[in-house]
Structures are given as C-alpha cells and as structure tokens.
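Undergrad: Starting off with a structure, shown below.
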Amino acid sequence: QVQLVESGGGLVQPGGSVRLSCAASGSISSIHAMGWYRQAPGKQRELVAISSSDGSTNYADSVKGRFTISRDNAKKMVYLQMNGLKSEDTAVYYCHAVIIPVSTMGPYNYWGQGTQVTVSS
C-alpha cells in the first residue's frame, strides 16, 4: 500500500515562513513527479508547485519567488519551503505524487491527507 504523509503547516503570521514535508512509503518501484496542491475554502484545488523526475520544477504564478519545492529521491520525500506568506496562501495543502508501485502496470496518482496552513496575525 503506497501512502503519502505530510507534515508541517499550522498558523503563521503574514510575512512568515513554513516548511511542508511529504514522505512516500510502501512498495514503490519508482516515483515520477511530486508536487503540492492547495485548496482554499470555496475554491477549487490548484497546483502550487511540481518537481518532475528530470529535476525540472514549475510554480503557480502566485507563488513564484516565494515558494521553493525540493525533493530527496533517496528518502522519497518532497518539501515545500514557503516564505513571504500572505493571507491568500491560507489553504489545505496536499502532497501529490505519480508513482509506479511494485508489480503493477502504473503509474498512478496518489494524494496525501492534507495539512492546513493558516496565514493570519
């Protein structure tokens, strides 16, 4: 059973920083893209940042220059460093990965359970 487990998040003041972590576990043959999405109340889930298996990264325009995605392939982890946080960054942040489990025809999409980030004074 493949799982994604997030950590980090919480309440942070405007202009502050927080780091999210996501660990993939289970019988994994390979991991392709890993990334972060977020969903604010009343809004659709949106892409925040993605890290492809070739090392390339992409960001939503709203977070460019403030957020940085990184991954540790050996540990099967992806991180999101969020700086200069604004109230509009308040959302539930979800880890996402495209994974080929062992002995499957994959790849399949997997999601973490989500972690709340609230930016407020």
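The values are calculated or read from the model by the stated rules, or taken from the named source; none is laboratory data. Just so you know, these numbers come straight off a predicted model, no measurement behind them. Please note: Cβ atoms are built from the backbone with ideal geometry, for glycine as well, and neighbour counts cover all protein chains shown. Calculation scope for accessible area: heavy atoms of the full protein, side chains included, ligands and nucleic acids excluded. Shrake-Rupley method; radii C 1.70, N 1.55, O 1.52, S 1.80 Å.
Undergrad: Scan the range 1-37 for residues that are without any contact (Cβ under 8 Å) to a residue 60 or more places away in the chain and either over 16 Å from Gly112 (Cβ atoms) or aliphatic (A, V, I, L, M) (or both) and report the count.
TA: Matching residues across the range 1-37 total 1.
Undergrad: Checking the condition open to solvent by less than 60 Å² (accessible area, probe 1.4 Å) and either modelled with pLDDT under 95 or not basic (Lys, Arg) (or both), which residue from Gly65, Gly8 passes?
TA: Gly8
Undergrad: Another question, if that's okay. Please indicate, with yes or no, whether at least one residue in the range 34-45 is farther than 24 Å from Ser121 by Cβ, exposed (fewer than 14 other Cβ atoms within 10 Å of the Cβ) and not small (Gly, Ala, Ser).
TA: yes
Undergrad: To continue, here is another question. Surrounded by 12 or more Cβ atoms within 10 Å (Cβ to Cβ), assigned to a strand (DSSP E or B) and modelled with pLDDT under 95: is that true of Ser70 in this structure?
TA: Against the criterion (surrounded by 12 or more Cβ atoms within 10 Å (Cβ to Cβ), assigned to a strand (DSSP E or B) and modelled with pLDDT under 95), Ser70 does not qualify.
Undergrad: Is it the case that Val92 is crowded, with 16+ Cβ neighbours inside 10 Å and in a loop (DSSP other than H, G, I, E, B)?
TA: The answer is no for Val92.
Undergrad: Next up: Return the residues of the range 101-121 that are part of a strand (DSSP E or B), surrounded by 12 or more Cβ atoms within 10 Å (Cβ to Cβ) and under 18 Å from the mean Cα position of the chain (by Cα); say none if nothing qualifies.
TA: Tyr108, Tyr110, Trp111, Thr115, Val117, Thr118, Val119
Undergrad: Sticking with this structure for a sec: Among the candidates Val18, Val78, Val48, single out the residue that is more than 10 Å from the chain's Cα centre (by Cα) and surrounded by 13 or more Cβ atoms within 10 Å (Cβ to Cβ).
TA: One residue alone meets the criteria, Val18.
Undergrad: Where residues in the range 13-62 are in contact with a His (Cβ under 6 Å, 6 or more places away or on another chain) and outside any loop (DSSP other than H, G, I, E, B), which of them is nearest to Gly106 (Cα to Cα)?
TA: Among them, the one singled out is Gly35.
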